[in-house]
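Here's the structure, in structure tokens; my notes come after.
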4 protein chains.
Amino acid sequence: MAEIIKAVSASIEKIDPNQVRKLIDLLVNVKSRGKKILVLGAGRSGLVGRAFAMRLMHLNFNVHGVGETITPAVEKDDILFAISGSGTTTLVVTAAKIAKKVGAKIVALTSYPNSPLAKCSDHVVVVYGRTKLAERRDYFSRQILGVHEPLAPLGTIFEVAAAIFLDALIVELMSRLGLKEEDLKTRHATIE
Amino acid sequence: MAEIIKAVSASIEKIDPNQVRKLIDLLVNVKSRGKKILVLGAGRSGLVGRAFAMRLMHLNFNVHGVGETITPAVEKDDILFAISGSGTTTLVVTAAKIAKKVGAKIVALTSYPNSPLAKCSDHVVVVYGRTKLAERRDYFSRQILGVHEPLAPLGTIFEVAAAIFLDALIVELMSRLGLKEEDLKTRHATIE
Amino acid sequence: MAEIIKAVSASIEKIDPNQVRKLIDLLVNVKSRGKKILVLGAGRSGLVGRAFAMRLMHLNFNVHGVGETITPAVEKDDILFAISGSGTTTLVVTAAKIAKKVGAKIVALTSYPNSPLAKCSDHVVVVYGRTKLAERRDYFSRQILGVHEPLAPLGTIFEVAAAIFLDALIVELMSRLGLKEEDLKTRHATIE
Amino acid sequence: MAEIIKAVSASIEKIDPNQVRKLIDLLVNVKSRGKKILVLGAGRSGLVGRAFAMRLMHLNFNVHGVGETITPAVEKDDILFAISGSGTTTLVVTAAKIAKKVGAKIVALTSYPNSPLAKCSDHVVVVYGRTKLAERRDYFSRQILGVHEPLAPLGTIFEVAAAIFLDALIVELMSRLGLKEEDLKTRHATIE
């Protein structure tokens with residue numbers, strides 16, 4: 001566990017503050033204009049995305065998860081927030097391209113700034129960690145299946161770093177939006 | 001298949017128009033007051049509920065599925081729309097009671113007007129079909145596991161009748177809200 | 001509701017018994033060889049697929065829903081059972097093509113035997129009902145968004161007919177596998 | 001982010017190795033006897049649970065997520081693996097009690113060894129982090145709504161620590177089961 005934490009810390013220190021600032025601007029902006037955020041990711045990245053979406057909902061963002069049953073259509077000026085360590089997940093890239101065609105802004109969280117996902121995105125935040133996959137880029141038969149996730153211990157640095165980064169981002173967003181924890185109580189609870 | 005259709009037709013003919021009228025009033029009313037509808041059901045009833053929720057979303061209702069990842073809290077004057085053939089599904093009844101405590105209105109779709117779910121509901125629409133289960137009410141060991149769904153061919157009449165009833169209800173709601181299919185295009189599509 | 005039932009009955013009568021027989025053979029065969037069935041569909045077709053998958057699970061099939069969190073990889077000789085009225089849903093077709101490359105058998109339930117989905121499938125069962133969409137084939141901007149579902153009353157004939165067909169198929173499968181309802185009790189219940 | 005990492009590290013250091021050893025024994029044992037693991041959690045804990053379940057699936061465990069559509073019934077000697085920081089989430093505790101009645105073993109991951117969840121469990125692994133909630137135990141109106149999750153930055157220590165702990169557990173399980181990453185390739189990928 002110490003090894004995982006060390007690698008996650010190293011990954012987080014490398015995140016570019018300018019990329020983060022622009023991300024916050026984009027998110028605050030989409031909220032102020034009454035537009036939606038759709039969060040997208042496959043496998044474990046999808047779970048990280050949904051946790052982030054829950055928090056955005058608590059901050060009164062209009063946010064949905066792609067792949068949930070009841071998700072409205074992506075529209076012009078919405079944000080598609082796509083999470084993929086490798087940036088190559090077939091269906092994530094496909095969905096990003098579709099959303100781009102209707103005028104949505106694509107924001108990517110990925111380890112690879114030159115990946116297909118990053119290349120079709122309007123803004124990219126690079127979170128390192130998905131290194132083992134890089135060595136395997138040529139394993140075509142596995143690429144074609146869409147999702148490959150290296151095993152622990154070091155295979156999940158991207159997802160853990162992304163989760164911590166997005167939690168910290170929520171605090172920044174609260175500050176920017178002038179929200180305190182007390183303001184948010186009513187949207188917290190849910191029946192489960 | 002003919003046998004299923006015959007039983008479904010018989011079930012649908014027995015639905016009380018007064019119960020339907022009041023249901024439509026409740027749904028239109030919750031929309032006009034800017035409140036939410038949360039749809040709830042277990043197993044196949046849950047799938048019927050989600051299909052209905054998708055349609056309500058197309059009609060611009062503020063609607064969510066309980067059990068989806070990103071579902072806001074139930075609040076006073078929201079509607080909890082609970083679907084359960086037997087009206088005894090443990091966790092559906094539990095959730096209905098919790099929602100009732102915060103002042104939400106409980107609306108039930110069930111075959112049993114005297115079931116625990118119906119008894120804690122503000123309004124009930126009876127859709128017959130879940131008859132086989134009734135004979136087995138005493139099988140405690142299966143009740144305690146929460147969900148029992150009799151097998152086809154006649155075991156799923158409730159779900160099919162409920163699905164068709166809710167589809168027809170959407171048409172009625174469109175008429176009441178003065179909506180035409182053209183008005184709704186933009187919310188139709190989704191990335192999947 | 002009578003109108004919906006009439007249209008559903010008409011759709012079901014047109015299903016080709018030879019296509020059904022071959023479907024049953026394929027499903028029984030995949031079970032006897034210890035292979036998996038993965039069920040796939042977008043929007044309401046996805047819900048119909050999940051209801052079918054639940055029933056297959058009750059019959060002890062090794063079955064999973066694509067898009068559920070915990071879904072194993074598709075492998076050679078597995079069946080990908082894809083449901084799409086129009087047969088054009090972008091991501092369903094994409095997934096079918098990926099699965100085909102690893103040697104899975106693609107089985108399609110669709111209204112259009114010449115659709116992209118049907119064309120890449122090993123076996124097709126045609127269930128009519130998705131007629132309104134056909135007239136709109138040229139609405140490119142909506143096609144590109146992946147899923148278009150016409151509204152009720154007549155827009156959901158495909159899904160309702162597919163749901164009833166698949167329920168009836170379960171009865172046939174029980175007969176073919178020599179299963180009685182009593183044999184299946186233990187897999188019925190679930191915690192929800 | 002540094003603050004989150006520091007708190008997570010502190011939480012992880014306090015995990016009792018004896019509790020972990022017994023957990024590994026229970027998991028290896030359930031696998032060798034051909035029984036199932038059902039993973040359960042609400043909100044963000046549910047997402048952590050699903051990520052763990054995905055990994056267990058890669059190690060060829062028979063594992064399912066409660067709340068997924070296609071989840072078989074819990075049976076005698078299965079493990080219900082319940083994750084709840086507070087150990088009070090209404091529906092998690094309800095489901096644990098139901099599973100206990102049919103003879104399943106309940107394993108809990110929680111910050112509170114005296115919580116209702118821990119008290120009905122056969123084995124508990126304590127992961128600290130859910131401290132803020134403790135101060136609010138008396139806010140009945142929020143308790144009754146089932147889930148309360150304190151906001152970032154320090155509100156999500158439990159979930160992040162639990163996620164890292166469970167990732168490290170997978171490595172231990174691989175070692176105990178004599179598995180290498182190469183053995184697992186075929187179950188990795190999935191269509192998404």
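Between the label point of C:GLU13 and that of the same position in each other copy, find the distances and list them shortest first in nm, with every label point placed 7 Å from Cα along the Cα-to-C-beta direction.
With the label placed 7 Å along Cα→Cβ, C:GLU13 yields 1.8, 7.6, 7.7 nm.
May I ask you to give the percent of accessible area on the range B:1-129 that is carbon plus sulfur, with a probe radius of 1.4 Å?
Values: 2210 of 4350 Å².
Carbon and sulfur: 51 percent of the exposed surface of the range B:1-129.
In the range C:1-40, what residues drop by 10 Å² or more in accessible surface going from the chain by itself to the full protein assembly, probe 1.4 Å?
Residues losing area: C:MET1, C:ILE4, C:ILE5, C:SER9, C:ILE12.
Over the range D:19-74, what is the relative contact order in percent, taking alpha-carbon pairs closer than 8 angstrom and at least six residues apart? It would help to have the intermediate numbers written out before the result.
Numbers: 45 pairs, mean separation 19.2, N = 56.
Computed value for the range D:19-74: 34 percent relative contact order.
Only residues of the range A:27-65 count here: report those whose backbone N is under 15 Å from the spot 7 Å along Cα→Cβ of A:HIS123, or say none.
In the range A:27-65, the label zone of A:HIS123 (backbone N under 15 Å from the point 7 Å along Cα→Cβ) covers A:27-39.
Measuring from the axis that superposes chain C on chain D, report the chain C residue with the minimal C-beta distance, rounded to whole Å.
That would be C:GLU68, 3, residue then distance in Å.
For peptide B:49-55, compute the average count of partner chain beta-carbon atoms within 10 Å of each residue's beta-carbon.
Values: counts 2, 9, 13, 0, 2, 8, 7.
Mean shielding by partner chains, rounded to a whole number: 6.
Please report the accessible area of B:GLU3 (heavy atoms, 1.4 Å probe, ligands and nucleic acids excluded) in Å², nearest 10.
110
Work out the length of the dipole vector of the range B:1-66 about its Cα centre, built from +1 on the beta-carbon of each Lys and Arg and -1 on the beta-carbon of each Asp and Glu, and round it to the nearest 20 debye.
Values: 11 positive and 4 negative charges, 64 e Å.
My answer is approximately 300 debye.
With solvent modelled as a 1.4 Å probe, how much accessible area in total do chains B and D shield from it at their shared surface, in Å² to the nearest 100?
Numbers: alone 10690 and 10670 Å², together 20210 Å².
The summed interface area works out to 1200 Å².
Taking all protein chains together and a probe of 1.4 Å, list C:LYS180, D:LYS31 from the most accessible to the least accessible. Kindly include the intermediate steps, with their values, before the conclusion.
On the way: C:LYS180 130, D:LYS31 65 Å².
Reading off the accessible areas and sorting them downward yields C:LYS180, D:LYS31.
Per-residue mean of other chain beta-carbon atoms within 10 angstrom of the beta-carbon, peptide D:120-130? It would help to have the intermediate numbers written out before the result.
On the way: counts 0, 0, 0, 0, 0, 0, 0, 0, 0, 0, 0.
Per residue, the average neighbour count from other chains is 0.
Of C:PHE52, C:LEU80, C:TYR112, which is farthest along the charge dipole of the range C:1-124 in the positive direction, counting Lys and Arg as +1 and Asp and Glu as -1 at C-beta?
Towards the positive end, the residue furthest out is C:LEU80.
Would you mind checking the pairs D:LYS14/D:LYS180; A:LYS31/B:LYS36; C:LYS22/D:LYS36; B:LYS14/B:LYS119; D:LYS35/D:LYS100 and listing those with alpha carbons more than 22 angstrom apart? Mind dumping the intermediate values first?
Working: D:LYS14/D:LYS180 29 Å; A:LYS31/B:LYS36 20 Å; C:LYS22/D:LYS36 33 Å; B:LYS14/B:LYS119 20 Å; D:LYS35/D:LYS100 15 Å.
Over 22 Å apart, Cα to Cα: D:LYS14/D:LYS180; C:LYS22/D:LYS36.
What is the mean number of Cβ atoms from other protein chains located within 10 Å of the Cβ atom of each residue in peptide C:86-98, rounded to a whole number? It would help to have the intermediate numbers written out before the result.
Numbers: counts 0, 0, 0, 1, 7, 10, 1, 0, 6, 6, 1, 2, 8.
The shielding value for this peptide is 3.
Assigning unit charges at the beta carbon (Lys, Arg +1; Asp, Glu -1) and nothing else, what dipole magnitude in debye, to the nearest 20, does the range C:16-117 show about its Cα centre?
Values: 14 positive and 6 negative charges, 27 e Å.
That gives a dipole near 140 debye.
Show the residues, 5+ positions off or on another chain, whose built amide H is closer than 5 Å to the amide H of A:GLY67.
none
Which of the three applies to the range A:68-122, rounded, prolate or oblate, going by the alpha-carbon gyration tensor with a ≥ b ≥ c and a/c under 1.5 meaning rounded?
Values: a/c = 2.13, a/b = 1.54, b/c = 1.38.
Taking the square roots of the gyration eigenvalues as a ≥ b ≥ c, the range A:68-122 is prolate.
At C:ASN114, with labels set 7 Å past Cα in the Cβ direction, how many nm apart are the copies from this one, shortest first?
4.5, 5.9, 7.5
Tell me the per residue accessible area of the range C:1-137 using a 1.4 Å probe; a whole number in Å² is fine. Write down the numbers at each step before the final one.
On the way: 4830 Å² over 137 residues.
For the range C:1-137, the per-residue accessible area is 35 Å².
Per-residue HN-Hα couplings for the range D:56-70, Karplus 6.51 cos²θ - 1.76 cosθ + 1.60 at θ = phi - 60°, whole Hz, x for Gly and Pro?
For the range D:56-70, the Karplus-derived couplings read 4, 4, 4, 8, 6, 6, 8, 10, 9, x, 5, x, 5, 5, 10 Hz, x marking Gly and Pro.
Under the Kirkwood approximation for Rh and a Cα-based Rg, what ratio Rg/Rh is obtained for the range C:1-58?
Details: Rg = 14.3 Å, Rh = 13.6 Å.
In the range C:1-58, Rg relative to Rh is 1.06.
The values are calculated or read from the model by the stated rules, or taken from the named source; none is laboratory data. Just so we're clear, the structure is a prediction, and the values are computed from it rather than from any experiment. Neighbour counts are summed over all protein chains in view; Cβ atoms, including those assigned to glycine, are modelled from backbone coordinates with ideal geometry. Only protein heavy atoms, including side chains, enter the accessible area calculation; ligands, DNA and RNA are left aside. Shrake-Rupley method; radii C 1.70, N 1.55, O 1.52, S 1.80 Å.
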